[in-house]
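Nothing in this text is a laboratory measurement; each read-out follows from the coordinates by a stated rule. For clarity, every value in this text was computed on a predicted model and none was experimentally measured. Glycine gets a Cβ as well: all are built from the backbone with ideal geometry, and neighbour counts include every protein chain shown.
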Amino acid sequence: MTAAAWGWLILAIPLAGCVLVALGWRSLPGRSAGWIASAAVLGAFVSALGAFFSLQDRAPASRHVVSNAYAYAHTAGVNVDLGILVDPLSVFMALVVSGVSFLIHVYSVAYMASDRGYARYFAYLNYFVFSMLLLVMAGNFVLLIVGWAFVGAASYLLISFWYRRTTATRAGIKAFVINVIGDAGMVVGAFLVFRHVHALDYGHVFARTAHAFSVNDGTLVAACILFLVGAFAKSAQLPLHTWLPDAMEGPTPVSALIHAATMVTAGVYLIARLHPLFERAPAAADVAAIIGCATLVFAATVALVVTDLKRVIAYSTISQIGYMVLGVSTFAYAAGLFHLMTHAFFKALLFMGAGSVIGAMGGEQSLDKMGGFRRAMPFTFVAFTVGAMALSAFPLMSGLFSKDAILAFGLHRGGLYAVLAVVGYIAAFITAFYAFRMVFRVFWGDPVPQAQSLLEGELWHGEHFNPATGEEEDTDVGFPGLEHHIAERERPMRAAMGPLAILSVLGGIVAIPGVTSWLENFLRPAFVDSRFIDRAPSHGAEWAGLAVGGALGVLGIGLAYTLYVRRRGYTLTLRDRLPRIHAFLNGKWYFDELYDALFVRPTAGFGRFGRAVVESTLVQGVLIGGASGVVRGGSAIARGLQTGLLRGYALLLLAGLGGLALYFLLVSS
């Protein structure tokens, strides 16, 4: 089969899985909906492998295949085809998205088994994967924007999956609104580019960019900034990040899917895909690099104090996406995408481990109530610790190689980029600390009642409640299922976590400085037009950076061990000594409060004014009420005149004729 055929199959199979599960949910027994959905995503992964090998059979210069199904619109100078682009970048993204998503589907087969929305969940999950694959396989801006919008809609459906939880529906609406802001930026940015290059497909746009725009042309910079609005909304970068921690209201596998392989990586992919535009507008790229660096510091500091296990991992995602944005915005494309890949492995693993722990806790997510699970949950402990080590950039783990590749490139470019890289190294130390803050608080110490119960062979269930509010909940449709599941007791959960743990350890072998360059060589044809393609630091500089990064990771882990194992309780003393700093970090730098004051409350107040004054008083009272009053009054007068007496009617007739005569006399005079 050709690369183009494989590319269409990448999209068709998960879409078919979504339709099959959605239409046949009543007749699908047991867990079959989950296995059908999983098989569909596995089919997409196999198709991505087929596209990969098909490209490898072509010369590097021709690893760029465009396939158009039909002409969607050819009118008034606007030519839009329903077309896909199969090149190393799209195939790389398809492999990561479908591969990790398949493992998340398998994990979900067991994790969601008792939920009465089981088939609906997997239909949504397949739709989400299809939407993300459409985004990365799109061959033009129109199809890109369609996929972009589909991903936003799918995220709303999954975040709000437990729709009877008020916190979940609010989180879904919040995610949708912020993503729509990004969608608007994408559309306007594409329009600005179209006005100058008169094309919407990537090939023609990129070929005409150098002729249509000068370096840092104002229009191009504005367009790229608008693209960044879309990228930052999807990838949860400052200041459009506030939806992502709230997205933890969805089921834990949804958190893994959004954070690891799909939605949040879309912004990184966008910058990489549009690299000819950003290299022509380096001012916009610098804005992205600075915001990415600021985001990674912000999120790392918040993760130091947050006590909800899933939200700590969520803030780590925001921080790690900041590294990726920093990488692709400094034009270290292979390094940024390398970290995207390794992050997908260890972040999905961390969320799966967190889901197993939360299941053992009966739904509880607070770190303050966890502890002592090391012996009770040995598989989950090992898997979660491996994920935390990769996140911490522990020596020889995949996260070290990918993160350092970004920072080493920044140091190599010097100037502003070197400063950003130094900040990145400082944040890497903080990352190692908060990663093992989770490990030590969950798995070390005396067993909590839930861990003790598990040691005695009983899985804790307890009362069903909303972990965000403490409200009691039933287990009907729209709420979490009756049962809880842990990896120690569910083979599908272990089958998903095992490969991710191995990849978190060995994933770095694709790009070891001076040893392997498989990933860089594969991606090179997608960035061959970049003037930065060969600007890489020396192997000696890269190994020096690895040594620094590894040392910082070890120091961060050591500090966490000291504070949470050897001197347990000392962090409470620090909190009491530094109450304002703790309150600031625990308040997430007060971004939500700021947006509430600037946007939410004024908008709500305007809505209340419109309802109370404009709608009730003006429209209902004056316009509708006034008009109806006139009609009622006229009707009453007419009814009063209908006496049934002939002499009364004659009198009215004479009065009317007299009035008409008087009118004409006045007019004629």
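Things to note:
- Burial ordering of 262, 516, fewest other beta-carbon atoms within 10 Å first: 516, 262
- In degrees, nearest ten, helix 646-668 long axis to first principal axis of the chain (Cα): 80
- For residue 496, net neighbour charge (Lys/Arg +1, Asp/Glu -1) across residues whose Cβ lies under 15 Å away: +3
- Couplings for the stretch 576-583, taken from phi via the Karplus curve 6.51 cos²θ - 1.76 cosθ + 1.60 with θ = phi - 60°, read 5, 6, 10, x, 5, 5, 4, 5 Hz in order; Gly and Pro are left as x.
- Against the main long axis of the alpha-carbon atoms of the chain, helix 218-235 sits at an angle near 80°.
- Cα long-axis angle, helix 625-641 against the chain (0 to 90 degrees, to the nearest 10): 20
- Estimated 222 nm signal from helices in the chain, with DSSP H stretches of n ≥ 4 weighted -39500 (n - 2.57), rounded to 500: -22000 deg cm²/dmol
- Charged side chains reduced to their Cβ positions (Lys and Arg at +1, Asp and Glu at -1) give the chain a dipole of some 640 debye around its Cα centre.
- Here 590, 315, 70, 107 are placed in order of increasing Cβ neighbour count within 10 Å, fewest first, which gives 70, 590, 315, 107.
- Cα lying deepest toward the dipole's positive end in the stretch 3-586, options 12, 443, 407, charges on Cβ: 407
- Separation of alpha-carbon centers, the stretch 239-309 and the stretch 155-229, rounded to whole Å: 14
- Candidates 187, 167, 151 compared by Cα position along the dipole of the stretch 92-215: farthest toward the positive end lies 167, with charges placed on Cβ.
- Reachable lysines from residue 174, criterion Cα separation under 26 angstrom, eight or more residues apart if same chain: 234, 310, 347, 588
- Sorted largest first, the principal axis extents computed over the alpha-carbon atoms of the stretch 146-272 equal 54, 23, 18 Å.
- With θ taken as phi - 60° and the Karplus curve 6.51 cos²θ - 1.76 cosθ + 1.60 applied, the whole-hertz 3J(HN,Hα) list for the stretch 326-333 is 4, x, 5, 7, 8, 6, 8, 5 Hz, x standing for glycine and proline.
- Considering only 200, 581, 563, the residue lying farthest towards the positive end of the dipole of the chain is 581, judged by Cα position with unit charges set on Cβ.
- Applied to the stretch 292-307, the Karplus parametrisation 6.51 cos²θ - 1.76 cosθ + 1.60 on θ = phi - 60° returns per-residue 3J(HN,Hα) values of x, 5, 4, 5, 5, 6, 3, 5, 5, 5, 5, 5, 5, 10, 4, 10 Hz, with x for Gly and Pro.
- Panel order for 82, 143, 158, by other beta carbons found within 10 Å of each beta carbon, from fewest to most: 82, 143, 158.
- The chain: relative contact order as a whole-number percent, Cα under 8 Å and 6+ apart: 13
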